[in-house]
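What follows is calculated from the coordinates using simple rules that are stated; it is not laboratory data. Bear in mind that the values here come from a model prediction, so they are computed numbers and not experimental data. Here the Cβ is made from the backbone with ideal geometry for all residues, glycine too, and neighbour counts use every protein chain on show.
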Amino acid sequence: MSLTWNSSIGTNRPASASTAAGVLADLHPGNPISRLAALTLIACSDADLPSLLAAARAAKERFKPGVITYSRKVFIPLTNLCRDYCGYCTFRRDPGEAGAHTMTPDEVLSVARAGEKLGCTEALFSLGDKPELLFPEMRETLRRLGYNSTLHYLEAMCELVLRETNLLPHPNPGLLSAEWISRLARVSPSMGLMLETANQSLLGKGRAHDNAPDKVPSRRLRTIEEAGKQAVPFTTGLLIGIGESAADRVDTLLAIRGLHDRYGHIQEVIVQNFRVKPNIPMARWPEPSHGEMLRAVAVARLLLPRVNIQAPPNLSAPYYEDLADAGINDWGGISPLTPDYINPEKPWPHLEQLRLRTQAKGFELRQRLPVYPEFIAQVLAKPGLLSEKLRTASSDDGFAGRVAA
Ligand code: SF4
């Protein structure tokens, strides 16, 4: 059998090595795998799964040896009004619906200060996408607060938290223009937008993104690309189990990789599994299996060997430590104070439990900031309040300086 050079996988391998075992045997350590290899691995048998996990864990150890990180955060649900209606969302509300709420500046500051006392270093701002475009009630709320739009209000609240506390804001406000990325980058060291999926057929009737105008993949990619052009450290990721195929998962990761190859700004890729909840349009939808999640995480690690890969532990409880075997190097934001408003029925593990279970897998648990160590220097390079606060918050090696007990 002749050997061919496959430049996309970066290995010398037989052209017919298309089984998972064949792909794994020919991995070239440190090189990202090809689409074809990823498609083979994400569909691997249970018998091949341990070898896939071992390869992913080895790739993680080459990238970030010995450590798994988390960000100690407070969750600030600035408004849960949203103009989208995603089929899996339990967060969003219409005006007047039970639980609909837009936080006041006092409420924002009070949550941030309470988190500060508990050693938090991140204020995660989560909010619905541009609710004022659909709801006159939100326009009225913003008028009373003194702002033209939800993004103007978000910018002011990020600045308030930055000025008045030691927390660093990380906003997740949905689609953003170039101007808004630039404005929010002045008051937050990083920001995020989940790509979720590159499969635009999920916008079709009765599917997860039916009636979700902000979930058009090309529009989300444009926001992520604009952040890249402005060198903003950016968090993105994919959702597993919302009606996409295993091939879609690979293509979503490849779309993210394409932008990171061009701009180098993707600080973190979140692999998030759908969990069913009552009272959502997808209440009867099957959840992805633990095995699907492990395969997706492992393939993400091998497609992106030098990008931080995160999976939330509360969505894989009680077996979440298995994710450490699949190549993650981060557990995401964990709050000692506020619930997970996106998945309120799945509490975060107690931090001490997380530490012990991370240690049992052979890793030290370290607290990071909302911006990862390798991206801190570029934020510090811009003088002003943000870089002053970031310098104070970070340790010499770029982790959280004020490590809580
Ligand atoms: S997932 Fe986000 S964009 Fe979709 S409905 Fe919920 S809050 Fe809105």
Subject >> Residue order, fewest to most surrounding Cβ atoms within 10 angstrom, among Tyr70, Tyr147 >> reply: Tyr147, Tyr70
Original post:
Build a GNM of the chain with springs between Cα atoms under 10 Å: which of Asn148, Asn343, Asn329 gets the top mean-square fluctuation?
Top reply: Asn148
Original post:
In debye to the nearest 20, how big a dipole does the stretch 67-393 give about its Cα centre with +1 on each Lys and Arg Cβ and -1 on each Asp and Glu Cβ?
Top reply: 300
Subject >> Considering only the stretch 56-194, percent of DSSP beta bridges that pair antiparallel, nearest 5 >> reply: 10
**OP:** Enumerate the lysines that Lys130 could reach by cross-link, defined here as Cα to Cα under 30 Å, with residues fewer than 8 away along the same chain left out.
**Re:** Lys73, Lys205, Lys215, Lys229, Lys277, Lys346, Lys382, Lys389
**OP:** Count the net charge of all other residues whose Cβ sits under 12 Å from the Cβ of Thr252, scoring Lys and Arg as +1 and Asp and Glu as -1.
**Re:** 0
Subject >> DSSP beta bridges in the chain [antiparallel fraction, %, rounded to 5] >> reply: 15
**OP:** Enter the mean projected area of the convex hull around the alpha-carbon atoms of the chain, in nm², rounded to one decimal.
**Re:** 19.1
**OP:** Could you size up the charge dipole of the stretch 142-290 around its Cα centre, putting +1 on the beta carbon of Lys and Arg and -1 on that of Asp and Glu, and report it in debye to the nearest 20?
**Re:** 340
Original post:
Under the rule that a partner needs its Cβ under 4.7 Å from the first Cβ, which Cys of the chain have none?
Top reply: Cys44, Cys82, Cys120, Cys158
Original post:
For the chain, what is the calculated [θ] at 222 nm in deg cm²/dmol (nearest 500), taking -39500 (n - 2.57) for each run of four or more DSSP H residues and dividing by its residue count?
Top reply: -11000 deg cm²/dmol
Original post:
How high is the relative contact order of the chain, given as a whole-number percent (alpha carbon pairs under 8 Å, six or more residues apart)?
Top reply: 21
**OP:** State whether the stretch 27-149 is rounded, prolate or oblate according to the following rule on the C-alpha gyration tensor (a ≥ b ≥ c being the square roots of its eigenvalues): a/c under 1.5 gives rounded; otherwise a/b larger than b/c gives prolate, and the remaining case gives oblate.
**Re:** prolate
